[in-house]
Amino acid sequence: MLEFIIGHFNNATYIMLMMIGFYAMIGKTNLVKKLVGMNIFQWSIILFVVSLSAKRDATIPIVFGSHSSGSPAHLDASSYVNPLPHVLMLTAIVVGVATTGVALALLLRIYRRYGTLEEDELLKRIRSSG
Amino acid sequence: MKDVAPSIILKVVCRRLVPFVQIFGLYVIMHGHSSPGGGFQGGVILASSVMLLVLCDGLEPVQRRFSVAMATAATSTGVLLYAGVGVLSLLLGANYLDYGILPGAEPRSLGMLVIEVGVGITVTGALVSIFYDLLGFE
Amino acid sequence: MNYLHLVVTGLTGLLLFLGSLDMPNTGDPQSAPAVHVSPRYIEDSLKETAVPNMVTAVLADYRGFDTLVETAVVFTGAMAVLLILRSHREEQ
């Protein structure tokens with residue numbers, strides 16, 4: 001039972017972070033707060049997938065001292081952390097940066113055109129101005 | 001941003017800190033093979049050095065040195081470099097992006113270095129271009 | 001504070017947590033992500049590519065196409081911001 005709790009409590013932590021971001025996305029009416037919620041959601045997913053790569057008593061996936069010796073000894077696969085989730089999440093981080101940049105540019109144009117960033121006020125102004 | 005006078009702490013500290021940040025960014029790009037780092041991380045550090053200069057000096061003096069056109073050109077140059085390595089492998093007779101055919105003692109390591117430099121240039125240019133657009137919009 | 005939003009968030013969180021109970025324990029070296037394809041990357045990357053950093057070797061050599069298209073995505077993001085914000089028309 002204790003093994004089960006220790007092995008699964010990090011899933012609960014990341015799901016709580018995800019739900020904080022999700023509530024900000026659907027519950028707030030200011031557009032900037034929705035954007036911040038989306039960012040929190042995205043980063044919690046990235047952290048969750050990186051945590052799937054952990055192994056007990058393993059070190060980071062870089063081979064040290066390979067330039068001093070000739071050819072290294074046989075590398076044991078269970079003494080290095082799984083490098084594949086790290087690689088995939090590098091792509092996800094950069095895509096998140098590009099998405100946030102485009103969203104901020106859209107928010108600037110919306111503010112300049114309509115004068116407000118609140119959702120209900122924005123809908124009223126869009127309907128009244130055609 | 002353009003008509004606020006920055007405080008004296010910002011002006012003194014940022015000016016002296018920017019060369020070290022740039023050298024560290026170049027180090028992270030070049031040493032992606034033996035230490036944590038690579039193209040994306042080093043590119044972001046280099047872009048953040050330009051942003052630090054804008055914070056302490058204002059937008060106009062920095063845009064005289066690292067102009068908007070240069071940032072846009074840097075964005076495309078990196079992608080061209082990356083795809084160019086692939087086409088070079090095609091011209092030498094192997095598959096696309098097959099580094100085993102490049103000249104040298106360790107061809108795959110050389111191919112990876114050129115690629116990481118290309119990615120670093122693109123990420124720097126893209127982030128600085130986004131920064132200039134967001135700030136210069138009136 | 002709208003109660004419907006809180007209920008939906010709580011329900012989603014509960015369903016996600018129930019789904020995550022089937023996943024293997026964290027830190028298990030015999031779990032499915034750790035024995036399928038990554039032992040080959042860990043054991044053979046230094047011999048084949050002469051690069052000690054396994055993450056860079058996988059990113060730039062074994063999965064080089066993904067990195068190429070992802071660099072194009074960064075380029076597209078910068079171009080999208082350019083198209084949205086740099087315009088010479090006057091808004092009415």
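Of all the options A:F41, A:F64, A:F22, the one that moves most in a Gaussian network model of chain A with Cα springs shorter than 10 angstrom is A:F64. Our compactness index for the protein assembly as shown, the C-alpha radius of gyration over the empirical 2.2 N^0.38 Å, is 1.15. Kirkwood analysis of the Cα pair distances in chain B returns a hydrodynamic radius of 16.5 Å. Axis angle, to the nearest 10 degrees, between helix B:68-92 and the longest C-alpha principal axis of chain B: 10 degrees.
Quick one: plug the Kirkwood hydrodynamic radius of segment C:35-86 (C-alpha pairs) into Stokes-Einstein at 4 °C, 1.567 mPa s, and report D in µm²/s.
After rounding, the answer is 100 µm²/s.
Please state the relative contact order of segment A:10-128 as a whole percent: Cα pairs under 8 Å, 6+ residues apart? Averaging sequence separation for qualifying contacts and normalising by length gives 26 percent for segment A:10-128.
Straight-line reach from B:K11: which aspartates and glutamates have a Cα under 16 Å away, not including same-chain ones fewer than 8 places off? Answer for B:K11, where 16 Å is the Cα cut-off: B:D3, B:D57, B:E60, listed by chain and number. Applying a length cut-off of 30 Å (Cα extent along the axis) and a mean Kyte-Doolittle floor of 1.0 to the DSSP H helices of chain C leaves C:64-85. Counted over all Cα-Cα pairs of segment C:13-55, pairs farther apart than 14 Å make up 63 percent. Enclosing the Cα atoms of chain C in their convex hull gives a volume equal to 211 cubic angstrom per residue. Would chain A count as rounded, prolate or oblate if I go by the C-alpha gyration tensor, calling it rounded below 1.5 in a/c and otherwise prolate when a/b exceeds b/c, oblate otherwise? Since a/c reaches 1.5 but b/c is at least a/b, the shape of chain A is classed as oblate. Given the -39500 (n - 2.57) contribution per DSSP H run of 4+ residues, what per-residue ellipticity at 222 nm results for the protein assembly as shown, rounded to the nearest 500 deg cm²/dmol? My calculation for the protein assembly as shown gives -23500 deg cm²/dmol from helical runs alone.
Only the coordinates and a few stated rules stand behind these numbers; no lab work does. This structure is a prediction, so every number in the text was calculated from the model and none was measured.
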